[in-house]
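**Q** This structure is in C-alpha cells; I'll ask about it shortly.
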Amino acid sequence: MKLAGSTFLTLLLTAAASPVSGQVFEFSGTAKQDGKVLYQEDHRIEGTCSEGVFDPVDHQVSYRNPESGDAFASKSLSYNNSAFRPRVEFRQPAFGEALTITYPQERALSIAWQEPTGETREFTVPFDQQLVVDSGFDYFVRANWERIRQGESVEFRFLAPTRGEHYGFVLEPATSVKVDADLTVQIRPTSLLLRVLVDPIVLGYSSDGALTDYLGLTNIRQDAESNHIAHIRYQVSRLPDCELTR
C-alpha cells in the first residue's frame, strides 16, 4: 500500500519526535576500603532516548558478596516524576533495614525507614525544584555537565532520608589523587557546621558522562551504627543508543 507524500512525511516527523523506547544502561561497581573488597554492585537502568539524550525510567541495583556472589541488599528506583527525585525502595535484610521514599503530594515526599533496631520512623518532607534524592545526583551532574566543565559551581538541596530533612549542598569541580577521571567533581555541604561533620563525596566521570568513581559514605552498613566509607570504581557493560549528557 502506497502512502501519500504528506502522510509519509507526517509519520517520519512523528517517529523522530517520539522517545525511543527499550533503551538499557548497565554498569557494575566494586567497593573497596583500604584495599579490601567490601561488596559489588550491579546496575540495570531501563529508559528512553528523548531528543538524543537518555532519560531513566526504572533502575534496579543488586549488592553482592564478592566471594559468594550472593545478593545481600537491593535498591529499586523509579524516575516517573523526575530524574533528580526518584521513588526509592531499599532493603538490607541482614540488618533488618528498609527505606522507602514516595511522592504522595506534589510538593511533599514521604519517608518510611525501618531501622536496624526494628523501630519504624516516618517523615513528611516539603521540597521544591532544588531537591535531589539518592541516585538523582547522577542525573543532576549530567544536567549541569557544561557548567561544571567550565568551572562553575551549582547549589542544590540533598535529602538525608534517615533524618527526615534536606540540606544545602554545592556541586563543584574538584581534584583527587584517588580518582583518575575525565571529569572529577565533589558534592559538599554549604553549611560550615555540616562541613565539619560531613566529608565531601567525590565523583569521577568518563568523557561520555558515565560514572567511573564514587568516593565517600555509602548506603551499605558496616554495622548497626555506621555505614561503609568506600571507593567504588565502575565499569560500563552496556550504553544506551543515545547520549548521557546534554
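Yes/no matrix, rows are residues, columns are (1) farther than 26 Å from E243 by Cβ; (2) surrounded by fewer than 16 Cβ atoms within 10 Å (Cβ to Cβ); (3) at pLDDT 95 or above:
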position: A15; (1), (2), (3): no, yes, no
position: V24; (1), (2), (3): no, yes, yes
position: F27; (1), (2), (3): no, no, yes
position: A31; (1), (2), (3): yes, no, yes
position: I45; (1), (2), (3): no, no, yes
position: C49; (1), (2), (3): no, no, yes
position: F72; (1), (2), (3): yes, no, yes
position: L77; (1), (2), (3): no, no, yes
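**Q** Of the conditions (1) open to solvent by 30 Å² or more (accessible area, probe 1.4 Å); (2) in contact (Cβ under 8 Å) with a residue 12 or more places away in the chain; (3) farther than 19 Å from N219 by Cβ, G168 clears all except one; give me its number.
**A** (1)
**Q** Kindly indicate whether any position in region 130-144 is part of a strand (DSSP E or B) and under 21 Å from Y79 (Cα atoms).
**A** Looking for residues that are part of a strand (DSSP E or B) and under 21 Å from Y79 (Cα atoms), one finds at least one in region 130-144, hence yes.
**Q** When the residues of region 181-207 are narrowed to those that are more than 20 Å from S153 (Cβ to Cβ) and at pLDDT 95 or above, which ends up surrounded by the most Cβ atoms within 10 Å (Cβ to Cβ)?
**A** S206
**Q** How many of the residues in region 213-246 are of a type in the set (V, I, T), open to solvent by 30 Å² or more (accessible area, probe 1.4 Å) and under 22 Å from E115 (Cα atoms)?
**A** Looking only at that region, the number is 1.
**Q** Here is a list of conditions, (1) part of a loop (DSSP other than H, G, I, E, B); (2) surrounded by 13 or more Cβ atoms within 10 Å (Cβ to Cβ); (3) not charged (D, E, K, R), and T117 meets all of them except one; can you say which number that is?
**A** (2)
**Q** Next question. Using the structure shown, decide if A94 is under 30 Å from D208 (Cα atoms) and either among the aliphatic types (A, V, I, L, M) or open to solvent by 70 Å² or more (accessible area, probe 1.4 Å) (or both).
**A** No.
**Q** Is it the case that some residue within region 132-142 is at pLDDT 95 or above, basic (K, R) and open to solvent by 30 Å² or more (accessible area, probe 1.4 Å)?
**A** No: zero hits.
**Q** Give all pairs with beta carbons closer than 6 Å in which a residue from region 84-105 that is farther than 27 Å from F54 by Cα and modelled with pLDDT of 95 or more meets a residue that is open to solvent by 50 Å² or more (accessible area, probe 1.4 Å) and of a type in the set (K, R); count only pairs at least 6 apart in sequence or on separate chains.
**A** Pairs found: A98/R91.
The values are calculated or read from the model by the stated rules, or taken from the named source; none is laboratory data. These numbers come from a predicted model, not from an experiment. No Cβ is skipped: glycine too gets one built from the backbone with ideal geometry, and neighbour counts run over all protein chains shown. Quick note on the areas: whole protein, heavy atoms, side chains included, nothing else; ligands and nucleic acids left out. Shrake-Rupley method; radii C 1.70, N 1.55, O 1.52, S 1.80 Å.
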